[in-house]
Each structure stands twice: as C-alpha cells, then as structure tokens.
C-alpha cells in the first residue's frame, strides 16, 4: 500500500519486545531527519501513571481515561511526560510488564490511536511498535517487522538494564519475554503480527549497524526505485 500524496511518509517498524526496533527506528529517523514515535512509550506512560495512581491493569475504563490525558513527546529519542524526562522509569520491568497487560484493552488502544497518528508531520515519521503497520499507519510507505530469538532478546534487555544500573535476572527476563510474546500475539485488539506487505528481518545475528543499513536500503528502494 502506498502513502497518500497528501500525507508525509511513514516508515513503520514493528516487532516483539527487545527485537531492537526502538534503536533502529531512532537511527533511521535521525539519518533521514524524520520525526520519531516510540508507540510503546505511550503505553508505558499509561502504565507508569496507573501504578502511581493505583489503577489496576484490568480497569479498562480508568486506564482509557489516563490514556486520553497523557502528554508525551520525544527529544533525542527519550520520552518526555509533560516536558519531564521519564525514559529510565519507563524501561523498568515493572512498567514494561504492566504496559503489556494494559495494551490488551481496546479502549486504551482507541484512546491512544489519534495521539499516535498526530506524530505524522513533515518531513516524515519513523514509528515503532507492535501495530504500526497493521493498525496505526496501514498506508506506511515502508513496513518492517523485526524479530529475533527469545534468548537473544532476553540477553539484549539484560545488558540494557545492567548498563543503566538496574538489577536484572536473565532467566526472569527470558520468561517475561516469552509471556509477553504470547500475550501480544494472542490479544484480540491489534495482535502482534506482521502486516501482509511487511518486510521480515531477523536480527538475531545482526549488529545494530547492519540492521540500520538494511532498513535504510529498503527505504531507498521504496522512496526512489529508479
């Protein structure tokens, strides 16, 4: 599906937890001078606020109300909540796990849909998440679905957390990732699946630079096929 001439182009990068989509999406956005959307951060912000306000992960109505009120922006790849940096808080396993449970609610997803689409401004957008190419931007000019083995993804997440000084257990991370994969892929609302026209890219044995170059090459082919 091609992007409407009236709309700025979108590169949609989807994939499961810790597949590298955040780093790759930010690299692509920086290289092209596009805007950047970490859609998962929106759900994590809702999760963070829910934990702070003692709202249960099963209270769809209250969660949707929180979602409608989030003020999230991105600067240098970091999430800002009302102008305040919350990137480290959003990356804790407690918030990430809560976000996955919150994301199953159609009311929450509906509340965040317009907010995600509002990031689509000139000259273009690189959006990463789990349903960017299937639901949020179905007319994206390029759709890429990144994946990797659960073991490789657990190791990546472990290194990220340790580098930030956050205690982590790799066995627990592997279990959480497998549970999250199952929950994300089987939920009724916008399940984690590649778009029919997405390019699948296994990043298990690839470096960040190799994946970035591969996606940029795909963009060049789609943007300037000649």
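Bear in mind these aren't lab numbers, they're just calculated from the coordinates by the rules spelled out. It should be emphasised that the depicted structure is a prediction, and the values quoted were computed from it without experimental measurement. All Cβ positions, glycine included, derive from the backbone under ideal geometry; neighbour counts span all protein chains shown.
Side notes on the structure shown:
- Computed from the Kirkwood radius of its Cα pairs, the Stokes-Einstein diffusion coefficient for segment 133-226 at 4 °C and 1.567 mPa s stands at 85 µm²/s.
- Distance histogram in 5 Å bins (all Cα pairs of segment 107-181, percent per bin): 3, 13, 18, 15, 14, 16, 16, 5, 0
- Principal axis box of segment 1-122, alpha-carbon based, largest edge first, Å: 42, 28, 27
- Using C-alpha pairs below 8 Å separated by at least 6 residues, the relative contact order for segment 50-152 is 20 percent.
- Of the peptides 98-107, 122-131, 194-203, 147-156, the ranking by mean beta-carbon count within 10 Å, highest at the top, reads 122-131, 98-107, 147-156, 194-203.
- The order of 143, 21, 159, going from fewest to most other C-beta atoms within 10 Å of their C-beta, is 159, 143, 21.
- Cα-based radius of gyration of segment 10-217 once divided by 2.2 N^0.38 Å, which approximates compact folds: 0.95
- Considering only alpha-carbon pairs that sit under 8 angstrom and 6 or more positions apart, the relative contact order computed for the chain is 33 percent.
- Comparing 67, 17, 188 in a Gaussian network model of the chain where C-alpha atoms under 10 Å apart are linked, the largest mean-square fluctuation is found at 188.
- For the chain, calculated [θ]222 nm from helices alone, where every DSSP H run of n ≥ 4 adds -39500 (n - 2.57): -15000 deg cm²/dmol
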